[in-house]
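Visitor: I'd like to ask you about the structure that follows.
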Amino acid sequence: MMGYTLAQVRGLLAAHGRLERRQNALRLALHAVAAQGDRAAIERLQRELWEDVRP
């Protein structure tokens, strides 16, 4: 990080913030679906989330 410019550091922090907000939104969606107790909805959401992480 010491060799980064100020603009690069700001860009890295902004990207990290976007990633963190996306992860929080996904966690919230997962908890909301789980709280409803609908097994089919939970399994559907789980499949959708796995699609995002597969290469």
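The values are calculated or read from the model by the stated rules, or taken from the named source; none is laboratory data. The shown structure was predicted, so the numbers you read here are calculated from the model rather than taken from an experiment. For the accessible areas, the whole protein counts, side chains as well, though only heavy atoms, and no ligand, DNA or RNA atoms are used. Shrake-Rupley method; radii C 1.70, N 1.55, O 1.52, S 1.80 Å.
Visitor: Can you find a residue that is within 18 Å of the chain's Cα centre (by Cα) and either acidic (D, E) or open to solvent by less than 70 Å² (accessible area, probe 1.4 Å) (or both) anywhere in region 35-44? First the steps, then the outcome.
Guide: Initial filter on region 35-44 (within 18 Å of the chain's Cα centre (by Cα)): 42-44.
Filter once more, so that each one left must be either acidic (D, E) or open to solvent by less than 70 Å² (accessible area, probe 1.4 Å) (or both): 42-43.
Yes, some residue in region 35-44 is within 18 Å of the chain's Cα centre (by Cα) and either acidic (D, E) or open to solvent by less than 70 Å² (accessible area, probe 1.4 Å) (or both).
Visitor: Exactly one of (1) open to solvent by 80 Å² or more (accessible area, probe 1.4 Å); (2) part of a loop (DSSP other than H, G, I, E, B) is unmet by G3. Its number?
Guide: (1)
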